[in-house]
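Visitor: Have a look at this one.
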Amino acid sequence: MKTAEIITEFIAKVMASLQAGTFIRLTVTRPAKVLGRLVEIQGQPVLSLTFREATRDVTKNLPVADVAGWLGQQKIQGALLSTTQQDWQLTPKHLIAHKPSVTVAPVRTHDRQKQTFLDDSAQVWLNALHTTPKKRQQIDRYLEIFTHLAEGVELRTIVDMGCGKGYLTFGLWHLLRTRIIGVEQRPDLVAASNQLARQIGAAGLEFVTGTIQSVELPAVDALIALHACDTATDDAIRRGVTAVTNKSARSSGDRNRWPKVSGTDCSPSEWLNGRPMRCACWLWNGPVIGQRSLSLSPANTRQKI
């Protein structure tokens with residue numbers, strides 16, 4: 001069977017399950033990841049699509065009548081349709097039938113409650129930090145971004161540079177429950193944050209007094225920084241690049257395996273030596289969130305100044 005015929009048959013099975021009420025969920029894996037579930041909004045059935053993008057989820061509600069047309073435009077290479085009667089796996093060359101993973105259709109009412117990473121157990125530290133509703137929303141959004149960027153990265157030690165009162169530091173600890181170090185140059189904020197961490201029993205969360213440029217750091221898996229004062233963000237990016245290079249050196253013992261700036265034989269810290277840093281977008285790239293591939297060049301830098 002040709003690819004076009006396979007896709008046409010898969011779309012027909014999706015539409016049949018929607019009309020028969022046997023639809024459970026639709027997962028498109030290639031070329032982009034999209035999750036689909038059937039819900040009722042104002043009494044009308046719609047396919048609620050969640051597009052998993054690099055830094056956020058985007059939701060779009062599609063009338064059932066428009067689903068076939070939308071699927072036909074996606075150039076799907078991989079997908080899974082789950083129904084109460086059969087599961088169907090779409091590959092570039094085959095449409096494979098599986099036993100149903102779920103045999104009872106879910107409730108179709110639309111869940112209007114927004115997903116949050118800050119459940120009831122976060123209220124103690126949120127209240128202690130006098131978190132406003134707007135600030136809470138910002139923390140929640142930050143954690144959503146972080147989960148996307150850190151997906152698949154083993155994070156054992158994370159450092160928050162210039163953490164201030166620790167809103168994001170506490171948020172990351174709440175999300176990951178791993179070792180989180182907040183660095184802040186104001187001793188009173190460090191003392192208050194450590195006291196709160198002890199009060200809520202936050203194992204692995206600690207705050208130290210120091211500056212971004214000079215604080216002594218352990219081996220770091222990720223370094224975060226979020227502020228807009230003077231050169232703090234620039235300093236944090238430079239420190240993050242250096243931390244990744246040093247960690248690679250310690251783990252491999254082979255300088256040839258250190259991250260390199262594209263088009264050069266320099267490590268990131270060597271290449272950055274003496275150069276101005278005005279590339280805040282690096283905050284969400286390679287050296288700062290996990291050890292991912294680096295693609296830095298003088299041309300790229302000029303574009304991001």
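Bear in mind these aren't lab numbers, they're just calculated from the coordinates by the rules spelled out. Since this is a predicted model, take the numbers as computed values, not measurements. Note that we place each Cβ from the backbone using ideal geometry, even for glycine, and neighbour counts take in every protein chain shown.
Visitor: Give a residue-ordered list of calculated ³J(HN,Hα) values for region 161-171 (Karplus: 6.51 cos²θ - 1.76 cosθ + 1.60, θ = phi - 60°; whole Hz; x for Gly, Pro).
Guide: Once rounded to whole Hz, the list reads 7, x, 7, x, 6, x, 3, 6, 5, 5, x.
Visitor: Give me the one-decimal nm value for the distance between modelled label points at Lys33 and Thr8, 7 Å along each residue's Cα-to-Cβ direction.
Guide: Rounded to a tenth, the inter-label distance reads 3.2 nm.
Visitor: Can you give the Rg to Rh ratio for region 3-98, taking only C-alpha atoms and Rh from Kirkwood?
Guide: 0.94
Visitor: Sticking with the crude label model, points 7 Å out along Cα→Cβ, report the distance from Val64 to Gln213 in nm, one decimal please.
Guide: The answer from the label model is 6.5 nm.
Visitor: What are the residues whose amide H is under 5 Å from the amide H of Arg30, where those residues sit 5 or more places off or on another chain and H is modelled from the backbone?
Guide: Placed amide hydrogens put Gln77, Gly78 under 5 Å from Arg30.
Visitor: Between Ser121 and Glu154, 0.36 nm times their residue separation minus their Cα-Cα distance comes to what?
Guide: Extra length from Ser121 to Glu154 when fully extended: 9.5 nm.
Visitor: At 0.36 nm per residue, minus the direct Cα-Cα distance, what do Phe51 and Gln199 gain on full extension? Give it in nm, one decimal, please.
Guide: 49.4 nm is the gain from fully extending Phe51 to Gln199.
Visitor: For the pair Ile41 and Met15, how long in nm is the line joining their label points, each one 7 Å along Cα→Cβ?
Guide: Each label point is offset 7 Å from its Cα along the Cβ direction, giving 2.2 nm.
Visitor: Considering amide H positions built from the backbone, and no H for Pro or chain starts, which residues 5 or more places from Leu62, or on another chain, come under 5 Å of its amide H?
Guide: Under 5 Å from the amide H of Leu62: Leu47, Ser48, Leu49.
Visitor: Given 0.36 nm per residue, what is the gain on full extension from Thr91 to Val104 after removing their alpha carbon distance, in nm?
Guide: 2.1 nm
Visitor: Under 5 Å between amide hydrogens, which residues at least 5 positions from Asp160 or on another chain qualify, with H placed 1.01 Å from N in the peptide plane?
Guide: Under 5 Å from the amide H of Asp160 lie the amide H atoms of Ile181, Gly182, Val183, Ile224, each far enough along the sequence or on another chain.
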